[in-house]
Amino acid sequence: MDCSVSNAMPKPKTISVNGVVIPREAIAREVQNHPAAKPILAWQAAARALVVRELLLQESARLGIDAVPLSDPDGRRETDDEAAMRTLVEREVSTPDPDEAACRRFYAQNLQRFRSGDLYEAAHILIAAPRNDAEARTAARATADTILAAVKSDRAAFADLAANHSNCTTSASDGGYLGQITRGQTVAEFEAGLDRMQPGEVAIVETRYGFHIVRLDRRAEGQTLPFEIVRERIADYLIASVEHRAIAQYVAILAGRADIAGISLAAADTPLVQ
């Protein structure tokens, strides 16, 4: 057996910012805040976060930032380092508030985001079958076809068929009635099936759970919320978005001026967009 090759993860390089070493123990503690598919990716994300923190603290010290820690309504108080970084960003990163035109433009380009969901009133009969069992799915589909034919010949039989055949324990005893449904309350496949149906229609909808004989009783179309109602929400979103980009650019500028060893961090030498 050749023991010269190790399968262990390579030992991380020493990481430093302008000669200040980021302790491996600190990175290990930070890893819990950066879940990732692979340990090395979590380690790298944690290391970058601490490099950014060190860049901000060094710049705060260079500029002689005098920061006063703040407390939140629950009495939690900032650390001195947190206060220094916050004060630095507040002082050095300025972003304009979005004007009326910018808010209206975002609203017009994203109307779907400000639309209330459609409301459905429906009933169903579930013939359950595991998603990965082809034989059970075939049998369930055949049963669903039979029940659908029975419902179409006698609409009044739906409740009895639900009580006797549905595998949905929640609705079977209530004639299959699901009540009023809005988007997000059922799985995506079921919602897509409802979208394709017209009120009064009965059809089979396939989902991960099996086959549903669905009766759509009523559908109320969603409404687009007026701009005046969502303007504040839009402005908050745009402010946060611009601030995020501006802070990222500011950090990139600091990184471009710094001597960072052991890890790659995006750097830039262009001025902030004011």
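Details
- Full extension of the chain between THR79 and SER94 gives 3.1 nm of extra length, using 0.36 nm per residue less the Cα-Cα distance.
- With viscosity 0.692 mPa s and temperature 37 °C, the Kirkwood radius over alpha carbon pairs of the chain converts through Stokes-Einstein to a diffusion coefficient of 133 µm²/s.
- Expected-Rg normalisation [2.2 N^0.38 Å, Cα atoms] applied to the range 101-216: 1.27
- By the beta-carbon count within 10 Å of each Cβ, the least crowded to most crowded order of ASP118, ASP154, fewest first, is ASP154, ASP118.
- Within the shell of other residues whose beta carbon sits under 12 angstrom from the beta carbon of ARG218, the net charge comes to -3, with Lys and Arg scored +1 and Asp and Glu -1.
- Applying 1/(1 + (r/R0)^6) with R0 = 41 Å to the Cβ-Cβ distance of ASN18 and LEU41 gives a FRET efficiency near 0.95.
- Per-residue Cβ neighbour rank within 10 angstrom, fewest leading, SER173, SER16, SER264, SER166: SER264, SER173, SER16, SER166
- Surrounding net charge for ALA36, when Lys and Arg each add one and Asp and Glu each subtract one, Cβ distance under 14 Å: +1
- Between GLN112 and ARG245, the simple spin-label model (points 7 angstrom out along Cα→Cβ) gives 2.2 nm.
- Take every pair of alpha-carbon atoms less than 8 Å apart whose residues are at least six positions apart; their mean separation over the length of the chain yields a relative contact order of 24 percent.
- Gain on full extension, evaluated as 0.36 nm per residue between ALA149 and ARG62 minus their Cα-Cα distance, stands at 23.4 nm.
- Binning the C-alpha pair distances of the range 37-163 at 10 Å intervals from 0 yields a P(r) profile of 9, 15, 14, 17, 12, 15, 13, 4, 0 %, listed from the shortest bin outward.
- Only helices reaching 15 angstrom along their own axis (Cα) with mean Kyte-Doolittle hydropathy no lower than 0.5 count here, and for the DSSP H runs of the chain these are 39-63.
- Calculated FRET efficiency for the pair ALA28/ARG233, C-beta based, R₀ 51 Å, to 0.05: 0.85
- Were the residues from ASP133 through ALA203 laid out at 0.36 nm apart, the gain over their Cα-Cα distance would be 22.9 nm.
- Charge dipole (Cα centre; +1 on Lys/Arg Cβ, -1 on Asp/Glu Cβ; no other charges) of the range 116-220 amounts to roughly 100 debye.
Each value in this text was obtained by applying a stated rule to the coordinates, not by laboratory testing. Small disclaimer: the values here were computed from a predicted structure and weren't measured. Methodologically, a virtual Cβ is constructed for each residue, glycine included, from the backbone with ideal geometry; neighbour enumeration extends over all protein chains shown.
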